[in-house]
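First up is the structure itself, then whatever we jot down about it.
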Amino acid sequence: MDRNKEDLSFEEQRISELIGTLKQVDAPGNFDVRVRSRIAAGRPAGIRSYWRPLVAGLATAVLIGGAGYLGYQSVSRQPASSMTAATSPQPITAPTMSSPAAVALNAPPAESVTSPNRTASSPVKKGRVDRSADAPSATGGSIDEALKDTQKVGSGAPGRIVTDPQAKADVSVISVLSMIGVDASWNGMGWHVISVKNNSLADRSALRAGDVIDAIDGKPLTNDMKFSGRVTGKSLHIVRDGGPLELSLRP
Amino acid sequence: MPDDQLSDHALIEATRGGDEAAFGQIISRYRSPITNYLYRFLNDYEEAVDLAQETFVRVYFALERYHTGYAFSTYIYRIATNLAISELRRRKRRRLLSLTGLFQNDEDGNGNAEFQPPDDRQLPDEELVEDEQSKVIARAIASLPEKYRVAVVLRDVEGRSYEEIAEIMELGLGTTKSRISRGRGLLKDKLEGYF
């Protein structure tokens, strides 16, 4: 204890003494076991994570293939004079999709078809992510979402997350993160980044696997919160190596 | 040489080499100081223990990135401090969210099931039953703005040197001393009855 060699006023000395009277508390008896247990619980996550990039890669490939097919279909059915319509922000409509895979890819996210009653009746599960409820996110989100993101972010606008302002349904955090190229899971304190898609918005903004995202634009994230209406995100607040960090999203 | 006589850096090196017992020695060395520090910072024993455990988990998984240019004690206190500050900010946000009712992810539809601010209770552990003066002091510390609280707790509870506190807080020495002094000044106003 280094309490010496301070030239303190009477008041400061007294305060220091008062604080010094506080009883020292000890860690509980099972502290070591619980730390070991948490460390052990952390390892399977690392082992499990090998398949996540694979799934994410496959999903991306399917998504790109589907988007390319739909884009080709749209262009090939347009007269030459209206070619520009193929690049307009209008969502690609169902008649262009003939294969079951394409239909599935263009389906709205699970959140968007989740009724408020279902949401209200779902138990709040801290520290766990209901992957089944976020299935579209695991494939990188719907094509509509992907196109909106690409068009708005890639058009020279400041880096940001943009969701559909007209959307009436809620969008989960995992879907929003998926839109910027992040695969993450809730770890009880924030969204633990499992992987970051190459050259995605998150990648360009220097987000890394292992970071924990706990806020977007200063808005704290929870396990099961939903975004409704327009969401614009210009920065992420993360914890990296135990330290807080603010990342600006870069286009 | 027995583990309990090895330096922190030697124990870290041994852990890196796969000696799990060496990390056990690190835990044994720092578990109570870190728990005590976090307890005085958060005034919540259960949360303090949880964050202290999380501190060791973070240390373990970041061992490869740890540079022995830092004193290990500075390193581990910095991690604990950052976790505690994040926790305080999370609490503050949750309080705010619970007031504004911006989100609708609750179970009963009234908008506040998940965002109730946590209470600042202490565990009803007999070992933690403190006299009234201690409770008043603890509450006064817990009411300080975080930047002063870190400085005062590290100095007056943990007895860390100014230089070490400056490194933990990543501040200059002058700013660190100023914050400790300012923190004590704020406490003086709150603890006037004890002068």
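The values are calculated or read from the model by the stated rules, or taken from the named source; none is laboratory data. Everything quoted here is computed from the prediction, not taken from an experiment. Every residue, glycine among them, receives a Cβ derived from its backbone with ideal geometry; neighbour counts consider all protein chains shown. Please note that ligands, DNA and RNA were not included when accessible areas were found on the heavy atoms of the full protein model with its side chains. Shrake-Rupley method; radii C 1.70, N 1.55, O 1.52, S 1.80 Å.
Tabulated data
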{"read-out": "Pairs, first under 12 Å from A:Leu177 (Cα atoms) in segment A:213-225, second aromatic (Phe, Trp, Tyr) and part of a strand (DSSP E or B), C-beta under 8 Å, six or more apart", "value": "A:Ile213/A:Trp191; A:Asp214/A:Trp191; A:Leu221/A:Trp191"}
{"read-out": "Pairs, first free of Cβ contacts under 8 Å to residues at least 12 places away in the same chain in segment B:131-142, second open to solvent by 40 Å² or more (accessible area, probe 1.4 Å), C-beta under 8 Å, six or more apart", "value": "B:Ser134/A:Thr21; B:Ser134/A:Lys23"}
{"read-out": "Meets criteria (open to solvent by 60 Å² or more (accessible area, probe 1.4 Å), closer than 30 Å to B:Phe56 by Cβ, modelled with pLDDT under 65 and at the interface with chain B (Cβ under 10 Å from one of its Cβ atoms)) for A:Arg38", "value": "no"}
{"read-out": "Matching residues in segment B:29-59 - criterion: being touching a Phe, Trp or Tyr at 6+ places or on another chain (Cβ under 9 Å), within 21 Å of A:Ala41 (Cβ to Cβ) and open to solvent by 30 Å² or more (accessible area, probe 1.4 Å)", "value": "B:Arg31, B:Glu47"}
